[in-house]
Structure formats: structure tokens, C-alpha cells
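Structure first, then comments.
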Amino acid sequence: MPTPAGDVHAFSAHATDADLDELRARLAAARLPEAETATRWDQGVPLADLVDVVAYWRTGYDWRAFEARLDRIGQFRTTIDGLEIHFLHRRSTRADATPLILTHGWPGSVAEFVDVIDELADPADADAPAFHVVAPSLPGFGYSGKPATTGWGTEKIAAAWVELMERLGYRRFAAHGGDWGGVITTILGGRFPAQVLGIHTTTAQAPPGLPTDGLTAEERRWTEETRDFWRERAAYAKQQATRPQTIGYSLVDSPVGLLAWILDKFAEWTDTEDSPFETVSRDRVLDDVTLYWLTRTGASAARIYHESHDSLDPELRVDVPSAITVYPRDIEKYPRPLVQQRFRQIVRWRAPGTGGHFPSLEVPGFFVEDLREGLAAVLAAHR
């Protein structure tokens, strides 16, 4: 069993009753606008939907249950480059388990992975691959520290993840991520091939400026949808990339404002017809939102856009074995002929028929199966 090195210490978060009472009081006193004047969701989160979630958050949601789940998985912190990094760590009981780091994005958190970690670590099927799972909170997110200066972009975060795994005794490991976690996973595979066995990602960005000649009709549709997303539906990213401090005041001061800012993305980015709660429960969304609220990380999390928006090195190439899954309702979908210009050893490519930007929450059973199969192909490439 690997022996942790450096200052790695157990951690347990417990919000005070006063913090939870204050949250409920703010929710009860919320000032809300009038209802939208367009069809549902066309102008953002509908008033009726928000009122319903706010009422449940105030009277029915159980934050203590989420705290207990984090503790059951195992929480730790360590300081890297002067910043405290929080992470979940679940060692498998299997001797043949492979170290695996899972990286979330925005507006996600480690809450994305709590329902899948146990099954990844100790699968019910003895023939399924098992993993020692590490799921860190990004700098400025959750119980990780908030950077006091600029510099904590995706390249530095990737290097910190290598240091984190080394401290845990994992000198070689696999990596998975989506959204910002997908960018960081790409950098891990491209910059650290000596440490990274291979990667699985749901956000595989092609190098910019590639010609689209020869693409199939579906592949061309993917490129058009991705282009339209960044042109027409990415105002949140431009705001957080240019003025994270300005929006941060609202996100840290108003729980209803924070909820609406995040719920809008769960609605738009999930594979649903009318409401994100068709596939993701209110509890799971509120686990995520409440974590942002109690840690006051609305502004600090937004700053990852200021640090790294549109900054992935166009020349970066990933030569480690890579498994890529493109979910149909995700916000960025790049065709394989373009993706393989960056990821040069794709050992498994999958485009399932259902799922969106938050697959570990939307389709957790399929997500676990897909991640296992993808990483099994990655590990087989080393034999």
C-alpha cells in the first residue's frame, strides 16, 4: 500500500448551525423579480421553478447528510505551492487497483463524484477494474484554499495534481475529467507522460483552426453546435473571464442569486426536455450549490475563467493512451478527425445516445461503466 508523503492530513467539514440558520433566513427574505416574459427558460431560470427549489432548500434539504457522505468517502487536505488543496481519497481494497484522479469543473465540485467513487474503488463485479480514487477540489472551489494572487491556471493546477499524487504514493496514475477538469486532464496527459498512464475525458478539445473539409454531416453539426455555443450561450464565461470579482459579490452575498446562476447551467447542459430535475435530483444540485455557499467560493471559483479561459496551448499534443466520450447534450463536441490531431493515441472513442455535461450525476451507472471500459483500454495499451 502506498505511503503518503508530505503534510497530508485528514479533514472533516462541519458547518455551524448558525451558518445554516443564516442561509435559511436569507432564503426566507429573498427579493425576487417578476416572472419571465418569454417561454420557459428562454430568459433563464423560470420564477416558478426557482421558488420551488428555494422552498425545498429552506425547509427540506439536509446538508448534514452530504457532510456525512464526504466523511465516509474520506477527506484530506495538503498544502502545495502555498495553497491548501482539499481532496477526497478512497483507496480500493483490491491489490490490482490503479490510482485514478478525477477532476471536476465549473459549476461543479467534488459533489459530482460522490455517487460513483465507491463503485469505482470496489466494484461489485470482481472482474471489473478497480481504482484508488482521488478527487481534488480545484483551487478556489469548495474546501480548497482561495488563491490570493494570480497564477493558479490550468497548467499550474495540473502540476499540482502530479505533486498531490506523488505525496499519496502514486507515482503513475490515470486521469479523468470534464469541463475544466477535461482541460486539466488534457494537460496532465500532454505535459506529464512519465507519470500519467493515460486519460479518459468528456471534454476533448481539438486544436483551433483546423479545416472541416471531409467531415460527415453529423460531425459538421457538432462543430456548428460548439461554435454556436461559444458565440451565443457563453456570456457566463465571458463575465467570469473578464469581471469575476463583479459577479462574485452577488454569488457570495445572495444564495438565491448563486442558485440561479448555477441552476441555469444544470438546466441548459443536461440531457432533459424541460427541467434538470428530470435526471438530477434537487438534493444533488443543492449539495453542489450549498457547498459553494457555505465556503463562500462564488467569486474565487469564477476566477478560474480569468486565469485560463481560452488558454489551452494550441500546440499541446497528448501521446499517452486516451479514451474519449462525447455525450450528445454536452456543450462542446469535437469530431474525432479533429480531436485526433491533438490526442494522438485514441484507444477508445464513444458517443452514447444519452447524457449531457454532468454524466456522473445524470447517468451515474453508465458513467461508471464507460469510465471503466475506457480506462481498461488505456491500461491495455501498456501491455
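Extending 7 Å from the Cα toward the beta-carbon at both residue 96 and residue 250 defines two label points whose distance is 5.3 nm. Each of the peptides 287-300, 114-127, 136-149 was scored by the mean count of other Cβ atoms within 10 Å over its residues; in descending order, highest first, they stand as 287-300, 136-149, 114-127. Label point of residue 13 set 7 angstrom out along Cα-Cβ; within the range 255-296, amide nitrogens under 15 Å from it belong to 284-296. Across all C-alpha atoms in the chain, the radius of gyration and Dmax reach 20.1, 62 Å. Among the lysines, which have Cα under 30 Å from the Cα of residue 333 when same-chain residues fewer than 8 positions away are ignored? Hits, sequence-local ones excluded: 156, 238, 265.
Note on the range 231-270 and the range 1-70: Cα centroid distance 15 Å, given to the nearest whole angstrom. Packing, as the average of other Cβ atoms within 10 Å across residues, places the peptides 305-316, 99-110 in the order 99-110, 305-316, highest first.
Take each uninterrupted DSSP H stretch in the chain, measure its Cα extent along the helix axis, and return the ones at 30 Å or beyond whose mean Kyte-Doolittle hydropathy is at least 0.0. None clear 30 Å together with a mean of 0.0.
Between residue 171 and residue 194, the contour length at 0.36 nm per residue exceeds the alpha carbon distance by 7.4 nm.
In this simple spin-label model, placing a label point 7 Å from the Cα along the Cα-to-Cβ direction at both residue 379 and residue 159 gives a separation of 3.1 nm. Spacing of the modelled spin labels on residue 273 and residue 31, each 7 Å from Cα toward Cβ, amounts to 3.9 nm.
Just so you know, all these numbers are worked out from the coordinates, no wet-lab data involved. What you see is a predicted model, and the numbers here were worked out from it, not measured in a lab. Cβ atoms come from the backbone with ideal geometry, glycine included; neighbour counts cover every protein chain shown.
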